[in-house]
Amino acid sequence: MTDLHPADPPTGALRDRPAESLRDRPTGALRDHIAAELTRARDRSVRLTEAVDDDDLVRQHSPIMSPLVWDLAHVGNQEELWLVRDVGGREPVRQDIDDLYDAFKHPRRDRPALPLLGPVEARRYVSTVRDKVLDLLDGVRFDGSRLVADGFAFGMIAQHEQQHDETMLATHQLRAGPPVLSAPPPPASAAPVRGEVLVPAGPFTMGTSTDPWALDNERPGHRVELPAYAIDAAPVTNAEYLAFVADGGYADPRWWSERGWQHRSSAGLTAPMHWRPDGAGWGRTSFGRFAPLVPDEPVVHVGFHEAEAYAAWAGRRLPTEAEWEKAARWDPASGRSRRYPWGDEDPTPEHANLGQRHLAPAPVGAYPAGASPLGVHQLIGDVWEWTSSPFLGYPGFAAFPYREYSEVFFGPDHRVLRGGSFGTDPVACRGTFRNWDLPIRRQIFSGFRCARDARPDEVA
Ligand SMILES: [Fe+2]
């Protein structure tokens, strides 16, 4: 389906937008912006770790998750490695703990047995590191190496902390016991959104070469030619997914890939994670609270195999990553790829359900101001959307600043998810942002939408 060309020199309408927003900022304004992003991330880490007592902080709530106290100190350790030592050239704060917080050396299931910093030590450590970073930020120049140009390393660390905050939020969702997090409900639907949107054939610019804080796997911007296709105007809802469950979808191997069926059988899957029967219907547990399913809320906590099976049952398929991104970024009027479906401006609460303002996806139709020019809704926020694409480097990919950020995950084992969830912070979410995970994973805030090839009568 996807016709990838090596990165052509950007020309005319295919050029993606130079992200002037950071580049044109005077140095002082960029410093203020960085300090604000780092502070916002830390405030969230503090809220997520102060919500539970010390026993809960050091406990492992699931073998596939780290103890919360590991995430906290790991965030500080990465900040120390990249900003205090690399960018600042300063003496290490705690070189002795580098190994403990190296995610590649210790799988999550082994982390509780490590001699980790306790809650008091971990909090002291991250705050010592942060003080040094804010101090060195005062004198840093943003025109030196590529690592500091446009404040990239600081942006990478702010995104990293927010990504771990989302992981910590997923740990909260797995935690047993009374609720400790609360938030107002997401906005109601302004108008129903149904059906699908036809995206015409043609090229668009996928990825970016200009967004200053884009990560290596989003680069470079390159031309992709796609045939016409149809994509759902909104993510698949609980009501729609329930029809698949009620139709015996989990008991019928016809809808599942071979690997998907094997996993469904060995794991005994019968419904999305956190669902359970509730009288005549179904309910779901969300951050310790059980409630009936909200019919028009996007389904969440499904794995890739489940998404793929639903799509087959519905006579559809999952979109490729390129199809998702064209639906999200391509502006038919200008031919240009924008940062977000609604344009280039940063997300506001009117555009998308991001940043843990709410603890659930919003009903379909809740964000009309966030729709793309073609009328595709809620691509950003609410739920990460599984695509059919394996996680691979774009043509011309170059690992930066280290192979372990993305490159070591390239290959058929991981599938790409797009768009961010209600637990994703705006700093770590844009039309080009790529997430990836194993197809069996569903503790993340993952849902999906369907697509299909255009019929000949639709493209004539
Ligand atoms: Fe990390």
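Residues checked against (1) open to solvent by 70 Å² or more (accessible area, probe 1.4 Å); (2) of a type outside the set (D, E, K, R); (3) in contact with a strand residue (DSSP E or B) (Cβ under 8 Å, 6 or more places away or on another chain):
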| site | (1), (2), (3) |
| --- | --- |
| Phe104 | yes, yes, no |
| Leu116 | no, yes, no |
| Asp143 | yes, no, no |
| Ala149 | no, yes, no |
| Ala153 | no, yes, no |
| Leu169 | no, yes, no |
| Gly177 | no, yes, no |
| Ala188 | yes, yes, no |
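Matching residues to (1) over 22 Å from the mean Cα position of the chain (by Cα); (2) basic (Lys, Arg); (3) modelled with pLDDT of 95 or more:
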| site | (1), (2), (3) |
| --- | --- |
| Ala41 | no, no, yes |
| Leu68 | no, no, yes |
| Leu81 | yes, no, yes |
| Val87 | yes, no, yes |
| Pro112 | yes, no, no |
| Arg130 | yes, yes, yes |
| Val133 | yes, no, yes |
Subject >> Neighbours by Cβ (under 7 Å, 6+ apart or cross-chain): first from the range 433-460, in contact (Cβ under 8 Å) with a residue 60 or more places away in the chain and among the basic types (Lys, Arg); second part of a helix (DSSP H, G or I) and surrounded by fewer than 23 Cβ atoms within 10 Å (Cβ to Cβ) >> reply: Arg434/Glu218
Original post:
For the subset of the range 57-95 comprising residues that are within 16 Å of the ligand (Cβ to nearest atom) and not in a helix (DSSP H, G or I), which member is most open to solvent (accessible area, probe 1.4 Å)?
Top reply: Ile64
Subject >> Qualifying position, being acidic (Asp, Glu) and surrounded by fewer than 16 Cβ atoms within 10 Å (Cβ to Cβ), among Asp382, Asp425, Asp453 >> reply: Asp453
Original post:
Out of the range 271-291, which residues are open to solvent by 30 Å² or more (accessible area, probe 1.4 Å), part of a loop (DSSP other than H, G, I, E, B) and without any contact (Cβ under 8 Å) to a residue 60 or more places away in the chain?
Top reply: Gly279, Ala280
**OP:** Filter the range 401-416 down to the residues that are under 22 Å from Thr210 (Cα atoms) and not in a helix (DSSP H, G or I), then identify the one that is nearest to the chain's Cα centre (by Cα).
**Re:** Val416
Original post:
Name the pairs whose Cβ atoms lie under 9 Å apart, with the first residue in the range 77-91 and without any contact (Cβ under 8 Å) to a residue 60 or more places away in the chain, the second within 11 Å of the ligand (Cβ to nearest atom), and 6 or more positions between them or separate chains?
Top reply: Asn77/Tyr101; Asn77/Asp102
**OP:** Test each condition in (1) farther than 30 Å from Asp296 by Cβ; (2) at pLDDT 95 or above; (3) not small (Gly, Ala, Ser) for Asn435 and report the one that comes out false.
**Re:** (1)
Original post:
Do you know which residues across the range 350-376 are surrounded by fewer than 23 Cβ atoms within 10 Å (Cβ to Cβ) and in contact with a Gly (Cβ under 7 Å, 6 or more places away or on another chain)?
Top reply: His351, Gln356
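The values are calculated or read from the model by the stated rules, or taken from the named source; none is laboratory data. Computed from a predicted structure; not experimentally measured. Virtual Cβ from ideal backbone geometry, glycine too; neighbours counted across all protein chains shown. To get the accessible areas, we keep the full protein, side chains included, count just its heavy atoms, and leave off ligands, DNA and RNA. Shrake-Rupley method; radii C 1.70, N 1.55, O 1.52, S 1.80 Å.
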